Structures are given as C-alpha cells and as structure tokens.
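Shown next, in structure tokens, is the structure this report addresses.
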Amino acid sequence: MIMKGFFSMNTKRTVAMILAAVMAAASLTACSNTKTPGGENTNDPSGTNKPSNEGGLSLEEISKQIEAKVGMENVDSEVVMTLDGYDITYSEYRYYYINYVKQFANYYGPDWNTNDEYKDDFDKYVSEAVKMNGLVANTAAAKGLALTQEEFDNNVSATYDTIMQQFGDDAKTTLDETYAITPYYMMMNESIYNLYNKIYESFYGVGGEKYEEIKKQTLEYYNENGYMRAKHILIQFPSNDDGSEVTEEQKAETRKKAEEVLEKAKNGEDFDKLIEEYNEDPGMSTYTAGYYFGKGEMVEEFENATTALEENGISEIVESNYGYHIIKRLPLDDENIISSDKFSELAYADLDEFFTDKIASTDFVKKDNFDELVKPIIEEGEQYLSDLVTQQQAANSDTESETDAE
C-alpha cells in the first residue's frame with residue numbers, strides 16, 4: 001500500500017440508510033417493501049410500478065417470490081400506517097423502532113428514554129427511517145426502475161442464503177432477537193436497498209441525469225486542490241522471516257524484476273494487463289480507475305514522480321519504502337471519475353438532499369388504531385431498556401462487593 005492513509009469518504013447518508021451500517025449482518029439494509037394482507041401491492045399509487053426494462057420484476061412479483069421462498073408471517077402483512085400509498089407494516093415499523101432503541105441505549109445509556117431531548121431525536125429518526133423506505137419504493141416506481149430476475153437472484157436471494165448460513169440452525173430466532181427482523185422483511189429490505197442503488201445509478205451513473213453536474217463539481221474540487229490521478233505497478237521488497245532489513249542483494253533482485261516490467265510498459269504493452277500480472281499493491285484492486293490524490297496523501301516519492309509526469313506518461317523506476325513503482329499518470333477528466341471518492345461523496349450528498357426534501361414534505365397516515373397496533377413494539381423496547389438497567393445495577397453491585405472485600 002502506498003497511501004499515507006485511506007481516503008476519508010465522509011459520505012453523507014439519510015438516517016434511514018445509515019442504519020444499515022449499524023447492523024452486524026452485512027446486508028440487513030435500511031429499506032423495505034411490503035404487501036397487503038390480501039396479497040395486493042398498494043405501493044404504487046400512480047400505477048407506474050412497472051419495470052421499464054424487459055425482464056424487470058415489479059415489487060408485487062418480488063413479494064410473491066420472497067413469500068414462496070421464506071414464507072410470510074402475519075406481522076409482515078399487518079399495515080400500521082401508509083405513506084403516499086406505501087404500506088408500512090408491523091414488521092417494518094418494529095425493525096426500525098427496536099433497532100433505534102438499542103442504538104440509543106448504546107450511545108446514551110439504558111435510561112436515555114428519560115431525557116426529553118433524546119426522546120424527540122428518537123421519534124425523528126424512526127420517522128425518517130420508515131419514510132425513507134416508502135420514498136425509495138415510490139421513486140423507483142416513478143422512474144420505471146425495477147430489479148431483473150438475475151439481480152434479484154444474485155443480490156437478494158443469494159444474500160439471504162449467505163446470511164442464513166452464517167447464523168446457522170437458529171438463524172430465524174437470532175435474527176428476530178438480535179435485529180428484530182423476519183426473513184420475509186429482510187429480503188424485501190434488501191430488494192428496496194437494491195432499488196436505491198438503481199436510483200443512484202440513474203442519477204449519477206455515466207449518462208445519468210445528474211452525472212455531468214456532479215462530475216463538474218468533482219473536477220472543480222480536484223483542480224482547485226491540485227489533485228492528480230495515477231495507476232502504478234508495485235514490485236514489493238521481500239519481507240524476511242527474522243524481521244531483518246532488506247539486503248542490497250534483495251533490492252537488486254527486486255529492481256531487476258521491476259526493470260523487466262518497465263521495459264514492457266515502455267514498449268507499449270497494456271498497462272492494466274501489466275498491473276494484473278505483476279502489481280503487488282492490493283489497493284489497485286479496489287481503486288481500479290487509479291488513485292485520485294492531493295498533496296500529502298501519498299508517500300513523497302510517489303507524489304513527486306507523478307507530479308513530474310505528463311498525462312498518460314510512464315515514469316522510470318521509483319523507489320520507496322514499499323519497493324519499486326512504475327507509475328502512469330492519468331487525466332482527471334474522464335468517465336473513470338465516477339469511481340473516485342469525491343464523486344461518490346458529492347453524489348450521495350446530493351441524493352441525501354433529494355430524499356431529505358421528500359421526507360420533509362411527506363406525511364404518514366396512521367391507522368385509526370395505530371397506538372393499539374404498535375403497543376407490543378413499544379413494550380418490547382421498554383422491556384429491553386429495563387433489562388439493561390437491571391443488568392447495569394447488578395454489575396455495579398458486584399463491583400462494589402469486590403471493592404468492599406478488598
């Protein structure tokens with residue numbers, strides 16, 4: 001690795017999407033869709049919830065496939081409120097409510113619900129999270145976006161299978177007790193998250209309606225801050241088992257290999273293929289379009305050598321503490337910029353603003369007996385906090401007893 005530190009990707013997310021990072025299971029993502037008890041999908045008030053691409057699946061079709069695979073519990077169909085025609089079910093509301101109860105307890109302690117400010121924040125976060133689900137579903141429908149069967153199989157069904165394998169025989173119980181999520185809702189959750197990614201792509205992918213706008217902002221930032229882009233082939237120094245420093249003989253052997261690679265690059269062989277064959281920097285597997293970097297973000301030798309190159313120029317052999325580098329400087333202004341951290345940061349901030357505005361202008365319609373319907377969820381949250389307080393008191397008591405005994 002030749003970077004001084006990882007690029008900081010301070011990507012802003014709507015609170016509903018942030019919750020995904022809270023979960024230990026990789027794809028318990030913070031979006032969902034449901035269907036009504038009778039099986040009719042009501043998340044399409046405009047009647048546009050049909051795929052624009054041949055082979056795409058409507059949410060109703062996705063729901064049926066999920067139900068056929070994992071079943072559907074009563075809580076997965078019991079509607080507690082709606083949002084512009086999007087049904088919010090008991091299982092969906094419970095998922096966010098209980099997980100935020102746990103997160104607030106983690107950050108503020110088990111008695112956070114005695115603080116009015118925290119309680120207000122809690123209500124706001126739960127509301128925004130649940131709203132986000134319906135807005136993603138409805139936005140995708142309005143834009144004619146849908147998952148293909150292949151995307152559903154690979155990104156939803158296969159993900160569910162992987163998670164269930166990880167949790168083993170008690171998977172269903174563990175998911176319920178730990179994450180407050182049912183198998184059906186988990187798969188719908190993942191389906192809507194994949195639709196969120198499709199919305200992102202429709203806005204910010206190459207040719208997307210906001211691609212040029214975000215690309216311009218990214219280039220302005222990079223040019224104003226003296227950024228460069230480069231790929232490289234790193235031939236690392238060997239590491240000795242006894243921890244001793246690399247010898248001059250080892251350096252010479254490493255350089256000989258680097259010179260052979262450099263000759264191939266100078267003779268016009270495809271640089272990307274040479275990276276694939278010879279490179280020993282694992283970062284190139286992540287940053288396939290190259291490193292976008294500013295002053296002080298790379299080791300000095302790498303930065304100086306890149307600065308000295310013209311665009312598309314290839315360096316001589318550059319030595320650093322990591323080994324020998326062969327660097328190719330690349331232009332900032334091309335379609336590869338979509339893979340840069342700054343582009344993603346700006347794009348997600350823009351999408352966050354898009355959904356934040358929708359959240360602010362959209363209201364729930366609660367069922368007449370909403371309070372009664374969600375009462376078991378509220379009680380579950382209160383019991384969780386009460387149990388934590390009891391555990392904390394017991395732990396403090398044990399500590400005091402040990403202190404007294406000393």
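The values are calculated or read from the model by the stated rules, or taken from the named source; none is laboratory data. Only a predicted model underlies this, so the values are computations on that prediction, with no experimental measurement involved. Here the Cβ positions follow ideal geometry from the backbone for every residue, glycine too, while neighbour counts run over all protein chains shown. Note: areas computed on protein heavy atoms with side chains; ligands, DNA, RNA excluded. Shrake-Rupley method; radii C 1.70, N 1.55, O 1.52, S 1.80 Å.
V365 meets the stated requirement of being of a type in the set (A, V, I, L, M, F, W, C), modelled with pLDDT of 95 or more and loosely packed, with under 15 Cβ neighbours inside 10 Å.
Within the stretch 110-125, the set of residues being free of Cβ contacts under 8 Å to residues at least 60 places away in the same chain and either surrounded by fewer than 19 Cβ atoms within 10 Å (Cβ to Cβ) or touching a Lys or Arg at 6+ places or on another chain (Cβ under 7 Å) (or both) comprises T114, N115, D116, E117, Y118, K119, D120, D121, D123, K124.
Taken as a whole, the condition of being closer than 21 Å to K215 by Cβ and touching a residue at least 12 places away in the same chain (Cβ under 8 Å) does not apply to L385. Just one of (1) open to solvent by less than 60 Å² (accessible area, probe 1.4 Å); (2) farther than 28 Å from E201 by Cα; (3) at pLDDT 95 or above fails for G296. It is (3).
Do we have L175 as hydrophobic (A, V, I, L, M, F, W, C) and at pLDDT 95 or above here? It is false that L175 is hydrophobic (A, V, I, L, M, F, W, C) and at pLDDT 95 or above.
Residues that are closer than 21 Å to E310 by Cβ and buried (at least 20 other Cβ atoms within 10 Å of the Cβ) within the stretch 229-263 comprise R229, A230, K231, H232, I233, V261, L262, listed in sequence order.
Output the residues belonging to the stretch 172-186 that are touching a helix residue (DSSP H, G or I) at 6+ places or on another chain (Cβ under 8 Å) and part of a helix (DSSP H, G or I). Listed by number, the residues that qualify are K172, T174, L175, Y179, P183, Y184, Y185, M186.
The residue pairs whose first member lies in the stretch 344-360 and is over 17 Å from K198 (Cβ atoms), whose second member is among the hydrophobic types (A, V, I, L, M, F, W, C) and not in a helix (DSSP H, G or I), and whose beta carbons are closer than 9 Å, counting only pairs six or more residues apart or on different chains, are E345/M9.
Cβ-Cβ distances below 7 Å connect the following pairs, each with a first residue in the stretch 302-316 that is closer than 16 Å to A265 by Cβ, a second residue that is surrounded by 19 or more Cβ atoms within 10 Å (Cβ to Cβ) and polar (S, T, N, Q), and a separation of six or more residues or different chains: A305/S315; L309/S315.
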